[in-house]
1. When you look at residue 216, is it of a type in the set (Lys, Arg), more than 17 Å from residue 101 (Cβ to Cβ) and in contact (Cβ under 8 Å) with a residue 40 or more places away in the chain, yes or no?
2. Looking at residue 2, is it at pLDDT below 95, charged (D, E, K, R) and farther than 26 Å from residue 302 by Cβ?
3. Give segment 76-92 a look and list any residue that's in contact with a helix residue (DSSP H, G or I) (Cβ under 7 Å, 6 or more places away or on another chain) and within 16 Å of the ligand (Cβ to nearest atom), or say none.
4. May I ask you to list pairs of residues, at least six apart or on different chains, whose Cβ atoms are under 8 Å apart, with the first in segment 110-138 being in contact (Cβ under 8 Å) with a residue 60 or more places away in the chain and the second being away from the ligand (no atom under 11 Å from the Cβ)?
5. Go through segment 44-68 and give me each residue that's more than 16 Å from the ligand (Cβ to nearest atom) and not polar (S, T, N, Q).
6. Name, by its number, the condition in (1) more than 16 Å from the ligand (Cβ to nearest atom); (2) among the polar types (S, T, N, Q); (3) under 21 Å from residue 240 (Cα atoms); (4) in a loop (DSSP other than H, G, I, E, B) that does not hold for residue 407.
7. Hey, among 159, 168, which residue is within 16 Å of the ligand (Cβ to nearest atom), in contact with a strand residue (DSSP E or B) (Cβ under 7 Å, 6 or more places away or on another chain), under 30 Å from residue 220 (Cβ atoms) and of a type outside the set (Asp, Glu)?
Amino acid sequence: MDSLVIEGGARLRGAIKVNGSKNAALPIMAGALLANGPTYLKEVPNLSDINHQITLLRELGCEVERQADGALKIEVTDEKNSHARYDLVRKMRASICTLGPLLAKRKFARISMPGGCAIGDRPVDIHLRGLEALGAVIDLDGGDIIARADKLVGAEIFLGGNFGSTVLGTANVMSAATLAQGTTVIESAACEPEVADLANYLNAMGAKISGAGTPRITIEGVKELTGANHTVIPDRIEAGTFMIAAAITNGEIQLPNTRLDHLLAAVDKLRSIGVIVERDNGGCTVASVRRLEAATITTQPHPGFPTDLQAQFMALLAIADGNSVITEKIFPDRFLHVAELARLGARLHKEASTVIIQGQKRMVGAPVMASDLRASAALVLAGLAAKGTTTVMRVYHIDRGYERIENRLNAIGAKIKRVNQEELEL
Ligand code: EPZ
């Protein structure tokens, strides 16, 4: 098991390319199950979550290959097996987004029900409710969701839940509705850019989707979808993480291929505390030249402040001037990073799903434990700013969403070493 050993204090300077979006690529790859013919996807990052999805798609009868130009070719060659086993689904919850495409194309799907998650309770009841509204019959058996449908029929579906919209729930229902008879209208759909990117891919395959990226999506069912070529959008959460890396080290970095329009809530918060974020050449430059101010943040569905940047922002506000408040409205228990940041000297007071952050001048390096993807990114960012050495253990969490993060940050001035268990001296 690898760890990252970080020497803090270096100011980051230089340009860093943002990879394709993990959270756009996963449902798009599942969407290839709907197609007759090959799909070619560009900008699919090389991450452990992507590799899990590739393994799952192969089990579900797809040929999946990286092409010489790095594109991912996916083609269904055998529709016999429609069972996503527990052993795969437990490693990556996003496997659930194969449910809608399998049901629509093969009229049957057996998907292991995703289990517990470090960031909190994550039921899939809204996914199932949406697919039942299209006419699916859904049962649970031995921990598996079994979905059947002689045919899917378009319907008007309210997809909102207690915590607002659902991203993968919208992806599942929207994908399934592409091959349903008649028109489907999804109300309270998730507006995340990843949903709009999935709709662009499905439309390139011959689907008739309008309104994706807004709370109301309309899908005219079609008889068949063919393969398509698609380039996945840049990863807005990776971009946001790198922006915070520039801010927390008082550095200056260029992000040449970042879509600022996908990140306006986070950019607004960065600017409000004193970070300079300027558009340039299709991307942006992010710089910080002084101690930053405190802020109040509440996570919300897009276009509100993304929950996937909550932990990283907490690390930044831990060294801001003044008291900040963060309230987590999407995953109320998403705070495993709090105790670890406190080990680095952050002053954090958690009450239910709100954390008060008393800004300190500086954090001090220590060994810390990663617990989930974004928490581990926050610990790396804190380590970049902390005095001395920070060792982040269990970095397999970070490899799920950031490709070789130490190489890319070292290229702009960080001092990070990846070590394995044997080499680690604590
Ligand atoms: C997606 O998860 C992302 N994952 C998550 O990113 C992200 O945190 C989340 O959206 C919110 O933005 C991928 O895209 C692979 P939701 P998803 O369904 O779709 C509740 C990362 O770090 N809910 O939008 O699973 C749910 O419990 C990951 O990259 C129900 O109650 O999240 C949560 O409170 C972590 N019933 C809220 O809705 C349901 O059926 C939003 O969850 C579905 C969801």
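The values are calculated or read from the model by the stated rules, or taken from the named source; none is laboratory data. None of these values were measured; they are calculated from a predicted model. Cβ sites come from the backbone with ideal geometry, for glycine too, and all protein chains shown count toward neighbours.
1. no
2. Here the answer is yes, as residue 2 does meet what is asked.
3. Those that are in contact with a helix residue (DSSP H, G or I) (Cβ under 7 Å, 6 or more places away or on another chain) and within 16 Å of the ligand (Cβ to nearest atom): 84, 88, 89, 91, 92.
4. 118/336; 118/371; 119/336
5. Result: 58, 59, 60, 61, 62, 63, 64, 65, 66, 68.
6. (4)
7. 159
So that you can scan it fast, the table gives a plain yes or no per residue for (1) within 16 Å of the ligand (Cβ to nearest atom); (2) assigned to a loop (DSSP other than H, G, I, E, B); (3) within 19 Å of the chain's Cα centre (by Cα):
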{"position": "70", "(1), (2), (3)": "no, yes, no"}
{"position": "74", "(1), (2), (3)": "no, no, no"}
{"position": "94", "(1), (2), (3)": "yes, no, yes"}
{"position": "99", "(1), (2), (3)": "yes, no, yes"}
{"position": "115", "(1), (2), (3)": "yes, yes, yes"}
{"position": "121", "(1), (2), (3)": "yes, yes, yes"}
{"position": "129", "(1), (2), (3)": "yes, no, no"}
